[in-house]
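Q: Mind looking over this structure? Questions follow.
Just so you know, all these numbers are worked out from the coordinates, no wet-lab data involved. In this text the structure is predicted, and so the values were computed from the model without any measurement. Positions of Cβ are backbone-derived with ideal geometry, glycine not excepted, and every protein chain shown enters the neighbour counts.
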Amino acid sequence: MTLLLVLLACSTQTERFTEALRAGPNADCSKLENLQMRGDCLAWKAKSQCEQDDLENATVTCESIEDPFWASECWFLVSDAIESVGESAVTLCARAAEFEEECLGHSSNRALMRLLSTRGHEAEALALTEATWLAFYGAPEQSRAKAEAQLVSGLLRRGRPFSKAGFGTTPEPLIIATLAVHFSKQDCMVSGVDHRSLTEWIPSALEQAGCSPPSTEVRPGRVSPRP
């Protein structure tokens, strides 16, 4: 009998949770007795409020969460929902506590991709990303490595053409790193790569990436036998 009552109570809580989530920004999470379940409900309510451009109430919602895990998750969800960058992201991500690093990773990627949308801002994107991580880690080498990895990832997402003009102000070592990752996943002869431009500009670029420029040798064709 006791087990049956427990199962019924759990079923009721799950139904209330599902019903609350359906209400989105108007969810009533107060009926959920389980602390973690109520925190989960409130975190997603805050996200929905942000999607309705109601950051003020989303902030109140996050601040009302008692469970530390879901309070941290709430600030992370809010940061992503409003696509925060810069100082706004730093403030929100600091409140995300255990998710702060991941939260900053999302926000710094957003800022980086916005700059990379226009060629010529690659060096600026690298410097901005490095400054973000330096403020978090306080370690220059670690921050630089993290920023460089993000820039390479961003260049790959931006896609081709891979040419001198296409890489803009990207530092030469990171151009080679980008090519190395790209060519490790795709055929070296992939179309859209300006081999001649790259090899004239950085003679060892493709070789260091594990590729060789396409051969210009003309192979003799097969001679058809005379009838």
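Q: Please state the charge dipole magnitude for the range 42-127, taken about the Cα centre, from unit charges on C-beta atoms (+1 on K and R, -1 on D and E), reported in debye and rounded to the nearest 20.
A: 320 debye
Q: I've got another one for you. What does the charge dipole of the range 116-172 about its Cα centre add up to, to the nearest 20 debye, if the Cβ of each Lys and Arg holds +1 and the Cβ of each Asp and Glu holds -1?
A: Around 300 debye, computed over the range 116-172.
Q: Consider just the alpha-carbon atoms of the range 87-164 and return their Rg together with their Dmax, both in angstrom.
A: Both quantities, over Cα of the range 87-164: 12.8, 42 Å.
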